[in-house]
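Taken together, the values in this text are just the output of simple stated rules run on the coordinates, not laboratory data. All of these numbers come straight from a predicted model, not from anything done at the bench. So basically every Cβ, Gly included, is an ideal-geometry build from the backbone, and we count neighbours across all protein chains shown.
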């Protein structure tokens, strides 16, 4: 015994000196923990559409993420923040592949993304099963935060978004068209995606509730370039307003070809945030002038300061409308990590995965660039307050961006 006790004492002292005690902090989280060694980084990821016709959305969000990390000097809890990412495209296949790659990294705490709701629908089951969290800056499909599968809901634990729910955006678009423009006959076109199909449905339902008539609802396919067939059908229905919440390039073709379709010369064109990109007016040409777009609108001194950082750190102006939402999403995620992390004497960090989800769900009255954010049980954190109607002018054809806001909820024209 005289020889064993000193040996145990030596081993104990060695454990303290080398940080083993800190590295063996007990994990009691019900779905597991991420343990980060003293010299290892805190890893967060992104899934964004970074190639193809919707790359402007990914570039826009990535800038917001990078500025949020830069604001913290790329450090959290005295550890480096490591940012890793995958291109989720704007498709179910892209979302599934990106999620599989990121979920394979057991050090990854959470993901900012996706941009497109179709990608999120495919990615969410993978991210949720892995015990991770996913907070989106621009998913807007109502189904993503709907936990009623019988009505089409696809929500799963671990999902959050700082973007508005399209239950808000569709209603605002309908109110503007019916109450402010005095239009009573609506046609809608979608592309079959969860985003576009869901948004046009809300627009149509609200328009009808207000007293308007929906004269046509139809769909194109992603990748279509010739829109003459569906536009001929639309013209035969006699709409006063055509609402097509789709992405580029399909939205470019619809707008441009409407101008050449007999019977649609006087129809008012409306799109949504999928076309709120600086490339849309340039690609569409004169047919875009006068067109209305519903989408995110952020103002205030803090947002102005953010734009100054963008100009300095990234250059130019953000190409789309969800950069501030990405900034808020990243900060909410990092704050939640910080709030639940257990830190050992040697600097080892243990983060419980369920604890992280609980912290995100408990987010309340968060003062973000996009307004006051409070997350509900299925991950909706925004109220729709950062929404408005924009109108494309000749200036946007010449490089001005963003277009002017012409109406926001609670404002008369």
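The largest-to-smallest principal axis extents of the Cα set in region 270-403 are 63, 33, 26 Å.
Remark: spin-label model distance residue 286-residue 383 equals 4.5 nm, labels positioned 7 Å along the Cα→Cβ axis. To the nearest ten degrees, helix 166-175 and the longest principal axis of the Cα atoms of the chain are 20 degrees apart.
Annotation: the residues 60, 335, sorted from fewest to most other C-beta atoms within 10 Å of their own C-beta, follow the order 335, 60.
Relative intensity of region 58-155 on a log10 scale, I(q)/I(0) at q = 0.12, 0.14, 0.17, 0.19 Å⁻¹, equals -0.40, -0.54, -0.77, -0.93, per a Debye sum over C-alpha point scatterers of equal strength in the absence of solvent.
How much of the calculated P(r) for the chain lies past 42 Å, in percent of all Cα pairs? Percent of Cα pairs beyond 42 Å in the chain: 19. Extension gain for the segment residue 40 to residue 338, taken as residue separation times 0.36 nm less the Cα-Cα distance, is 105.7 nm to one decimal.
Can you grab the distance from the C-alpha centre of region 284-344 to the C-alpha centre of region 170-225, Å, no decimals? Cα centroid of region 284-344 versus Cα centroid of region 170-225: 27 Å apart.
Once you order the gyration tensor axes a ≥ b ≥ c over the Cα atoms, which shape class does region 132-172 get: rounded for a/c under 1.5, otherwise prolate or oblate by comparing a/b with b/c? Can you show the working numbers first?
Values: a/c = 3.48, a/b = 1.13, b/c = 3.08.
Note, shape of region 132-172 comes out oblate.
If you line up the long axis of helix 228-237 against the longest principal axis of the chain, both from Cα atoms, how many degrees apart are they, to the nearest 10? Helix 228-237 and the main axis of the chain meet at about 60 degrees.
Highest GNM mean-square fluctuation among 357, 161, 72, for the chain modelled with Cα contacts below 10 Å: 72. Cβ-Cβ distance of residue 266 and residue 362, R₀ of 35 Å, FRET efficiency by 1/(1 + (r/R0)^6): the value works out to about 0.10. So what's the angle, to the nearest 10 degrees on a 0 to 90 scale, between helix 55-71 and the longest Cα principal axis of the chain? That helix lies at roughly 40 degrees to the long axis.
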